[in-house]
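The values are calculated or read from the model by the stated rules, or taken from the named source; none is laboratory data. Just so you know, these numbers come straight off a predicted model, no measurement behind them. Quick reminder, even Gly has a Cβ in these numbers, built from the backbone with ideal geometry, and neighbours come from all protein chains shown. The area values use the complete protein model at the heavy-atom level, side chains included, leaving out ligands, DNA and RNA. Shrake-Rupley method; radii C 1.70, N 1.55, O 1.52, S 1.80 Å.
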Amino acid sequence: MRRAAPFRADVLVVGGGINGAGIARDLAGRGLSVVLCEKDDLAAHTSSSSTKLIHGGLRYLEHYEFALVRKALAEREVLLRSAPHIMWPLRFVMPHDPGMRPVWMVRIGLFLYDHMARREVLPGSRTVDLRRHPAGAPLKRHFRKGFVYSDGWVDDARLVVLNAVDAAERGATVLTRWACVDARRGPQAWQVRLQGEGGATRELGVRALVNAAGPWAAQFLAEHAHAPERKSLRLVKGSHIVVRRLFEHDHAYIFQNPDKRIIFAIPYEGDFTLIGTTDVEHGGAIGAARIDATETAYLCEQASRYFEHPVQPADVVWSYSGVRPLLDDESGDPSAVTRDYELELDSAGGAPLLTVWGGKITTFRKLAEEAADLLGAPLGAPKGAWTRGAFLPGGDFSALIGAPQRPDTDFMRLVAALAKRHPGIDAQLLHRLARAYGTRADTLLAGSGLGPQVAPGLHEAELAHLHANEWAHSADDVLWRRTKLGLHYSAAERDAVQSWCRAHWQAAGSKAAETAWN
């Protein structure tokens, strides 16, 4: 029998997606010692592959998911206020297609959407004449009436990273590229073995184990935690395409399709339009989800039903896919499977095991709070729930702009304040840094300078910050998750970033991994 490892933490959280990072943050803020391990990069899979919306899910009303919609709607403004640099309000336009849902049904749905939760920031819905509204200009001429409503936008990968940053600043140990390969349960503790990228292993004892492995949750229980699977997951692939900007205004579209599904067309990264998503049963390797030609054709075809200028597969400049871990409710249609979550706490067999089943990005904070409530009492957490009114790193603008007013206007006030404090910085670069780091852009800019430029708008000082403070270890971590600069760069520019990262970070990788344990 393996000798028990010394206690290193109260809780080990397995999984560096949004739920795992959120739970680690909440538990650390309650005064518990926490280790978060992730076998790849933070947000490397499902949590960076969403439609990037903070929303109640208007279409879920058709499936009578009233509790989920109410819960998600209640979270929208909580999240928008917590990090107005990476989340902001967004208006959506639904062109009315007489062949789809009738006007009365849409109006009832929007009325419920407006009134199921309190709104202080987001305006309510209204009907617009698309022949006069700017959103009608890129659409086919027969779309004359539209419905406009509010939801929110989020940089999903940065949301995960900021939760991990906050967890670390509250005392948690965050280990990326460390997989939990074995967990043995005892009466009072779990004896756990972690394995790093290079094959190195470490053992630790923890009082509780949180399985937040997302689409790998069932597999983790069976193969690594030696625990029975009590729930069944439905693995559904969602794919998105990115094309050059299709319209000039700042609204997004929600399009109804003949198959009763919907897709979104959303302004993305200034120069692009994001179109998604699909819902396809996924039977392959979870970490190898890729869009296929059928999905690309479907998204192009459905968008082309609405836009005057057709969207062709040749127009796609980038695409991404993720696997959603949905609770299997035996629905025949993947689009109808619930997006709600369930927390399963098992403490009858010894040390506590908490498994997260399902979930969506909008409800991550509430999920984390409920998970911490379940574990807080048995672990004797010194503090209680705290995240509802808390800011994520960089999200409290008050020191630079005074009292907050509205998340969207507060951000523009922040940009103006930063421009005054750093008059020599290019306006476009300043805006991007403010979006990514909020008030922490001020610290980044106030140093000894941004240093040499590695690629347009990306300097050595920012790369050093991402490596030292946000666990970036490769060019992909930087270009596609912590920023979206990869979308704007040429192949040569992406290669330049990759060469720089390899030269500066390869040797530091193993040293950083060892430092995390000391």
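Kindly establish whether Leu32 is over 18 Å from Val154 (Cβ atoms), part of a strand (DSSP E or B) and at pLDDT 95 or above. No.
Out of Val121, Val154, Val128, Val106, one residue alone is free of Cβ contacts under 8 Å to residues at least 40 places away in the same chain and farther than 26 Å from Phe220 by Cα. It is Val128. Please verify whether region 80-91 includes one or more residues that are at pLDDT below 90 and touching a strand residue (DSSP E or B) at 6+ places or on another chain (Cβ under 8 Å). The answer is no, given that none of the residues of region 80-91 is at pLDDT below 90 and touching a strand residue (DSSP E or B) at 6+ places or on another chain (Cβ under 8 Å). Restricting region 79-89 to residues that are of a type outside the set (Lys, Arg) and open to solvent by 20 Å² or more (accessible area, probe 1.4 Å) leaves a set whose member that is farthest from Leu159 (Cα to Cα) is Pro89.
The residues of region 485-518 that are modelled with pLDDT under 95 and in a loop (DSSP other than H, G, I, E, B) amount to a single one, Asn518.
Yes/no matrix, rows are residues, columns are (1) assigned to a loop (DSSP other than H, G, I, E, B); (2) of a type in the set (S, T, N, Q); (3) in contact with a Cys (Cβ under 9 Å, 6 or more places away or on another chain):
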site	(1), (2), (3)
Leu175	no, no, yes
Ala179	no, no, yes
Ala208	no, no, no
Ala227	yes, no, no
Lys237	no, no, no
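Is it true that Asp408 is in a loop (DSSP other than H, G, I, E, B), under 30 Å from Ser150 (Cβ atoms) and not polar (S, T, N, Q)? In short, no.
Only one of the numbered conditions (1) farther than 18 Å from Gly15 by Cβ; (2) surrounded by fewer than 22 Cβ atoms within 10 Å (Cβ to Cβ) is not met by Thr278, and that is (2). Taking region 180-202 as the range and being over 23 Å from Pro228 (Cα atoms) and of a type outside the set (S, T, N, Q) as the test, the residues that pass are Gly196, Glu197, Gly198, Gly199, Ala200, Arg202. Which number in (1) surrounded by fewer than 21 Cβ atoms within 10 Å (Cβ to Cβ); (2) at pLDDT 95 or above; (3) within 24 Å of His45 (Cα to Cα) marks the one condition that Thr273 misses? Condition not satisfied by Thr273: (1). The selection criterion, being farther than 30 Å from Val69 by Cα and either of a type in the set (A, V, I, L, M, F, W, C) or part of a loop (DSSP other than H, G, I, E, B) (or both), does not hold for Arg193. Scanning region 269-296 for residues that are in a strand (DSSP E or B) and within 16 Å of Val311 (Cα to Cα) gives Phe272, Thr273, Leu274, Ile275, Gly276. Restricting the search to region 196-214, which residues are open to solvent by 10 Å² or more (accessible area, probe 1.4 Å) and touching a Ser or Thr at 6+ places or on another chain (Cβ under 7 Å)? Answer for region 196-214, where residues must be open to solvent by 10 Å² or more (accessible area, probe 1.4 Å) and touching a Ser or Thr at 6+ places or on another chain (Cβ under 7 Å): Gly198, Gly214.
Is there a residue being touching a helix residue (DSSP H, G or I) at 6+ places or on another chain (Cβ under 8 Å), assigned to a strand (DSSP E or B) and open to solvent by 50 Å² or more (accessible area, probe 1.4 Å) anywhere in region 339-350? Yes, because at least one residue in region 339-350 is touching a helix residue (DSSP H, G or I) at 6+ places or on another chain (Cβ under 8 Å), assigned to a strand (DSSP E or B) and open to solvent by 50 Å² or more (accessible area, probe 1.4 Å).
Would you confirm, using the coordinates I've provided, whether Ala446 is farther than 16 Å from Val161 by Cβ, open to solvent by 50 Å² or more (accessible area, probe 1.4 Å) and modelled with pLDDT of 95 or more? It is false that Ala446 is farther than 16 Å from Val161 by Cβ, open to solvent by 50 Å² or more (accessible area, probe 1.4 Å) and modelled with pLDDT of 95 or more.
Taking the criterion of being open to solvent by less than 40 Å² (accessible area, probe 1.4 Å) and closer than 12 Å to His504 by Cβ, the residues of region 449-466 that qualify are Val454, Leu463, Leu466.
Checked against the criterion of being crowded, with 24+ Cβ neighbours inside 10 Å and outside any loop (DSSP other than H, G, I, E, B), region 58-71 has at least one qualifying residue. Arg25 passes every criterion in (1) surrounded by fewer than 24 Cβ atoms within 10 Å (Cβ to Cβ); (2) within 18 Å of Arg388 (Cα to Cα); (3) not hydrophobic (A, V, I, L, M, F, W, C) apart from (1). Report yes if Gln405 is closer than 23 Å to Arg494 by Cα and of a type in the set (S, T, N, Q), otherwise no. It is false that Gln405 is closer than 23 Å to Arg494 by Cα and of a type in the set (S, T, N, Q). Suppose the filter is of a type in the set (Gly, Ala, Ser) and crowded, with 19+ Cβ neighbours inside 10 Å; does Gly171 pass it? Criteria not met by Gly171.
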